[in-house]
Amino acid sequence: MDSEKIKALLERYWNCETTLEEEQGLRDFFNGNDIPENLQQEAQLFRYFKQQQELKLTDLSFEHALKQKIQPKESKLRSLFSTGLKLAAGISVVVASFWLVRQELKEDQPEEVVDTYDDPQKAFEETKRALQLISKNFGKAQKASTNINLINEATEKLQKENKKADS
């Protein structure tokens, strides 16, 4: 191939307009021996691509090489100190958990139940009064919840009307 045709093909290659066959032709040309002086930089690039394609890399060697470059080498003293800190942290978590659970169990145990009324009739009357108070307040809460339901229904209607208006 002449150098003008190669330059035109390279221009199309850099613009991502070449076919696979044209790209293979470029690779073959640049991996050959008769390359003009003005195209030596491109030849180096194509040779680099070919060299990288020929590299075989196993998963284990890649992982090992990556770990060596990323992880700093630790001294034995630092490693021992790090292990000691991890162990101490684990033990402190276990001890703190045990103490907290023990405290919770102590608080949850009911004390001895003692009758506050000696007369069963007085106890019955007091229980009845407490239940009536709860019933009265429950009725108030039920009325308030109906008001909330009305507000929710009105909000839904407004949202539906807004959606219709937007459409």
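In the set Tyr13, Tyr48, which member is in a helix (DSSP H, G or I), free of Cβ contacts under 8 Å to residues at least 12 places away in the same chain and surrounded by 10 or more Cβ atoms within 10 Å (Cβ to Cβ)? Full working, then the answer.
Details: Tyr13 fails: free of Cβ contacts under 8 Å to residues at least 12 places away in the same chain.
Being in a helix (DSSP H, G or I), free of Cβ contacts under 8 Å to residues at least 12 places away in the same chain and surrounded by 10 or more Cβ atoms within 10 Å (Cβ to Cβ) holds for just one of Tyr13, Tyr48, which is Tyr48.
Please determine whether any residue of the range 91-98 is surrounded by 10 or more Cβ atoms within 10 Å (Cβ to Cβ), among the aromatic types (Phe, Trp, Tyr) and within 38 Å of the chain's Cα centre (by Cα).
Yes: one or more hits.
Values quoted throughout were computed directly from the atomic coordinates according to the rules given, and no laboratory measurement underlies them. Please read all numbers here as calculations on a predicted model, not as lab measurements. Note that each Cβ is placed from the backbone with ideal geometry, even for glycine, and that neighbours are counted across all protein chains shown.
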